[in-house]
Every structure is written in structure tokens, then in C-alpha cells.
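Worksheet for the structure shown next.
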Amino acid sequence: MQRERWPTRLTFLFAAVTSAIGLGNVWRFPYLTYKYGGGAFLLPYLIALVVAGIPLLILEFALGQKLQKGAVDAFASIKRRFSGIGWLALFVGFIVISYYAVVMGWALIYFFASVGVPWKSDTKSYFFSNVLHLSDSISSIGTIVPAVFIALLISWIAIYFSVWKGTKSVSKVVNWTVPIAGILFIAMIIRSVTLNGSLTGLSFYLKPDFSALLDSEVWIAAFSQIFFSLSVGFGVLIAYASFNKPTNDIAKNAVIVGVSDTLFSILAGFIIFGTLGFMATAQNVPIEQVAASGPGLAFVVFPKALSLMPFAAFFSMLFFLILVVIAYDSAFSLVEAIDTVVMDKTKIRREIIALVVCVIAFLSGIIFTTNAGLYFLDVIDHFVNSYTLLAVGILQCIAVGWVFGADKLRVYVNKVSDIKIGKWWNFMIKYAIPVILTFIVVTQLTKEFAAPYENYPQWAIWLGWVSVVAPFVIAFLIPQKSVQKGQ
Ligand code: PFF
């Protein structure tokens, strides 16, 4: 059977770029930059982009495109047992999507609530009490919170209808979301940087402190962020690239995706810090007191700042619509990675596969809609992204660099690409990236054993470890029939 194809190269690029651009660009990158040396952080970040980000994008694009297979069969055609690497990538993606869709749900709630800006008087209690109904510890699970549950359901229905016809439906969605999100994003940048006090915020964001570069923590933050931000290690880009013709340009695509994601991150920082500068000025507090990351930034601090603006309701809607859209494009790309693998292996219709995957992922996400949902999300997110994801990265490099042959893949990339990549790429894949990622994993492990993550109770920490170890065991136990070797 003929493999499905993206209608145009631009659609593929849209899909890959929108998978990469997500919550991480908005709620993590700006804060990391502010915390780790301001403008100076761009240096380790750009180095991480060139040393690890773009080479891994090239690896995943090349693998999917050359072998014309999703992650599992692509790795299995290098060596049968390597199918486990593909499964592991999918499991990481599955875990991430089960909570990522919940955050998309929160953003949806905020989007609809924006009309009345109900968080105006107390953003903290609005988020934690009115929306999440958060309990006082992870041990008090309580019950499902109906509004969050419904928001999650709506998110999943939207996700389902974006992937149910594969590249056909994904193409339609990204052709709409890219221009819409683009316009909203530009409008939001203009609004933020023209606010009174925004310059103070921007100077906090970007004022370089080069001494930060001597701290290994800063470099670890840069490399970890690149990994999550570019969506490498989830099988997504392998799946997306497998719908390209084998002759598509790879190096240029990788550079476009890497650079677009980075630009978006830097500009998102203008929105975040421009607005925080405005709030700090309006309330006469130092910016250090308001800077934050993660859910605390997107759903507590930033809504506060929005509520102080003229036309608060309008700009709140704008901001949360951007969050919904970027979370959405990232979320369905993870489903597409899984669907592609099942499609490679069975003759089941795509609509059915997508439905089953969405329903299972929805059900798995229910735990995050309980009163203790945010705690569970925090623990699982921490463990999976600190360990399993990086392990996938290391294993991918070993499989391609040492077994498939880095040079063999590089020769293929150069055959189809305008920009030729040199032997430095082999070095990155075979040595540099595995060594750097191993260093990060070991450093994080030492920290982990020194003190329990965020002082969660022991059972929660165990749960975190189970979410790391179980996917490994299962991934490498799944039997693999031999697959046709790639060309
Ligand atoms: N890259 C997304 C972000 O920065 O938020 C997260 C993500 C989306 C990771 C899709 C993986 C993925 F497949």
C-alpha cells in the first residue's frame, strides 16, 4: 500500500514546528533565561541547539524519511531488539500527553472564563481553589473535579478530530493554527512591549550575567530544555518525517524547525517579561517577586498581570487562546506518533486506532483531574522528563551512531539536502550527545538521592520511579517480528 504523504513540504514543516512549539516555550524558557544569566543564557542555549538539538532533529527526520516507518519499526529495522527504543519513545510520549492534555484543559477553562476576568481579586486562590480544587497534599486524592474533567474531555475530542484522518486532518489543522497563532502571538508581543514598565521587565529578562556560564546547572538546564522543546525523543518527528518522500531536504528542515522553535521561545520571553515588568511597576514590587515558571506563571502570575491591563478580558482571551492552540498542536503530534506505529503494524483503520489511543490516553489523564492532580502531574513530569526522555536520547544515538552507522545516515542526508553536513555530525551522535546526556542523568540522580523531589512522600517518589522503570521493562519485552530492512 502506498504510504500517505504530506500535501506539501510546508505542511510538514508546519506540523513539525507546531509540535515543537508548546507550553515549554512559554512557561519554561523565559524563566530559565531570567534565572540563568539573562541574555548570557542564550549562549549555552544556542550551543545546545547546535550541538544536540539540530543534530538530533536531523537524526529523527533522516530515520523516519529514509526508512519510511514510525519509531518502532524504524529502530527494529536497524536491529530487531531495538524496537524497544521506539516503544520507549512512545511510552514517554503517552505519559506526557496524558497530562499535557490536562494543562490544555486548564487553558481552555481560563479562555472561556476570560470574559469576566474572575481571577482579578485573587489569582492564586482562583487557580488552586476555584479551578483545581487542589487538596493539601498528594496523599489526599479526593475526587474528580468536574470542570477539569469536562475540559479534558473537550481537549481530547479536539485532539481526536485532528488526527483521525492522519496527515490529511493534521494538515488542515496546522494550516489554520499556524496563521492564527502567529497573528495572536504578534499582537500579544506588541501589547506587552508597549506597556508601561515593560522595559524594566525586558532588561531583567535579557541583562547578561556571564558569570552564570561557569555554573554546570546552567548548561544542564539549556540541554534539557532543548530536548523537551524540540520534541525529540518522542517518536513524533520520526513519524512525521516518514510521510515525506525519501528525497525531501533534511538538513534545511532541521535548521528551520530548530531556529523557529528558538525564536518563538525568545519572543515568548518578551511577552512574559514585558508584562511582568508592567505589573511590577504598577504594583511597585521588585520583579524578582513576581517572576515564576510552570503552571504558577501561566495560571497565577500572568493572569494577575493581565487583569491589570486595560481591556483585560480581551488580552486574557488572547493569551489563553495562544496557550490552547500551541498545547493542542503539540498534543496531537504525540498521538500521531503512536498511531503511525500501530498503522505500520496492523491493518486496522486509522480512525479506529486514533479513537482507541485517544480514549486510553484520556482515561489515563483522569488522575490529573482529581483534587491532587497538580501534584501527580508535577511528580510524573519531573521523573519522565529527567530520566526516561534522556534515556531515549542516549539510546537513539547509540543505535544510529554505533550500529546503523552515523556516516551511513549522514551520506543519505547529504544526498537529499542542500546544506551538506560534515563529519562533525557523526561525532555529535556517537560521542558528544550520549556523553552530555549521561552526565545530565547522573547529576540529576545524585540530586534525587540527596533529597526527595519537592519533599513529596516516599510513595509518590516510588510512583515517579515506577513511571521511569515500567516503560523500560515493557518496551524491551514487547516481541518484534522481523521487519523489512530499510533501503
Ligand atoms: N515541545 C513541546 C513543548 O515545548 O512544550 C512539548 C512536546 C510536545 C514534547 C510534543 C513532545 C512532543 F511530542
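Within the set of pairs 6+ apart or on separate chains, which have a first residue in the range 39-50 that is under 12 Å from residue 266 (Cα atoms), a second that is open to solvent by less than 10 Å² (accessible area, probe 1.4 Å), and C-beta atoms under 6 Å apart?
41/33; 45/222
Is there a residue being of a type outside the set (Phe, Trp, Tyr), within 16 Å of the ligand (Cβ to nearest atom) and at pLDDT 95 or above anywhere in the range 114-137?
no
Matching residues to (1) open to solvent by less than 80 Å² (accessible area, probe 1.4 Å); (2) touching a residue at least 12 places away in the same chain (Cβ under 8 Å); (3) among the basic types (Lys, Arg):
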residue	(1), (2), (3)
418	no, yes, no
421	yes, yes, no
424	no, no, no
430	yes, yes, yes
455	no, no, no
458	no, no, no
470	yes, no, no
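Pick from the range 114-169 the residues that are touching a residue at least 24 places away in the same chain (Cβ under 8 Å), hydroxyl-bearing (Ser, Thr, Tyr) and assigned to a helix (DSSP H, G or I): which of them is farthest from residue 357 (Cα to Cα)?
Looking at residues that are touching a residue at least 24 places away in the same chain (Cβ under 8 Å), hydroxyl-bearing (Ser, Thr, Tyr) and assigned to a helix (DSSP H, G or I), I get 123.
Taking only pairs six or more apart or across chains, which ones have beta-carbon atoms under 6 Å, a first residue in the range 95-111 that is of a type in the set (Ser, Thr, Tyr), and a second residue that is open to solvent by 10 Å² or more (accessible area, probe 1.4 Å)?
Once the first residue is of a type in the set (Ser, Thr, Tyr) and sits in the range 95-111, its partners that are open to solvent by 10 Å² or more (accessible area, probe 1.4 Å) give 98/364; 99/368; 99/377.
For residues that are part of a loop (DSSP other than H, G, I, E, B) and open to solvent by less than 10 Å² (accessible area, probe 1.4 Å), tally how many sit in the range 276-299. Spell out how you get there, then give the answer.
So in the range 276-299, the residues part of a loop (DSSP other than H, G, I, E, B) come out as 284-286, 290-293.
Still in the running and open to solvent by less than 10 Å² (accessible area, probe 1.4 Å): none.
Qualifying residue count, the range 276-299: 0.
Within the bounds of the range 70-88, is there any residue that is open to solvent by 10 Å² or more (accessible area, probe 1.4 Å), more than 26 Å from residue 482 (Cα to Cα) and within 16 Å of the ligand (Cβ to nearest atom)?
No, because not a single residue in the range 70-88 is open to solvent by 10 Å² or more (accessible area, probe 1.4 Å), more than 26 Å from residue 482 (Cα to Cα) and within 16 Å of the ligand (Cβ to nearest atom).
Here is a list: 204, 228. Which entry is assigned to a helix (DSSP H, G or I) and under 27 Å from residue 60 (Cβ atoms)?
Testing whether each residue is assigned to a helix (DSSP H, G or I) and under 27 Å from residue 60 (Cβ atoms) leaves just 228.
Picking from 242, 216, 192, which residue would you name as being hydroxyl-bearing (Ser, Thr, Tyr), within 16 Å of the ligand (Cβ to nearest atom) and in contact (Cβ under 8 Å) with a residue 40 or more places away in the chain?
It is 242.
What is the one condition in (1) over 27 Å from residue 176 (Cα atoms); (2) hydroxyl-bearing (Ser, Thr, Tyr); (3) open to solvent by 20 Å² or more (accessible area, probe 1.4 Å); (4) modelled with pLDDT of 95 or more that residue 328 does not satisfy?
All conditions are met except number (1).
Which one of these is open to solvent by 40 Å² or more (accessible area, probe 1.4 Å), within 13 Å of the ligand (Cβ to nearest atom), on the phi < 0 side of the Ramachandran plot and touching a residue at least 12 places away in the same chain (Cβ under 8 Å): 234, 228?
After ruling out the rest, the residue left standing is 228.
For (1) away from the ligand (no atom under 13 Å from the Cβ); (2) in a helix (DSSP H, G or I); (3) under 13 Å from the mean Cα position of the chain (by Cα); (4) closer than 26 Å to residue 194 by Cβ, each residue gets a yes or a no:
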position	(1), (2), (3), (4)
301	yes, yes, no, yes
307	yes, yes, no, yes
310	yes, no, no, yes
317	yes, yes, no, yes
327	no, yes, yes, no
331	no, yes, yes, no
338	no, yes, no, no
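Out of the range 184-212, which residues are among the small types (Gly, Ala, Ser) and surrounded by 17 or more Cβ atoms within 10 Å (Cβ to Cβ)?
192, 197, 198, 201, 212
When both residues are 6+ apart or on different chains and their Cβ atoms are under 9 Å apart, which pairs have a first residue that lies in the range 247-272 and is more than 30 Å from residue 306 (Cα to Cα) and open to solvent by 40 Å² or more (accessible area, probe 1.4 Å), and a second that is modelled with pLDDT of 95 or more and not in a helix (DSSP H, G or I)?
These pairs meet every condition: 252/417; 252/418; 252/419; 255/419.
The values are calculated or read from the model by the stated rules, or taken from the named source; none is laboratory data. Bear in mind that the values here come from a model prediction, so they are computed numbers and not experimental data. Cβ: placed from backbone, ideal geometry, glycine included. Neighbour counts: every protein chain shown. Only protein heavy atoms, including side chains, enter the accessible area calculation; ligands, DNA and RNA are left aside. Shrake-Rupley method; radii C 1.70, N 1.55, O 1.52, S 1.80 Å.
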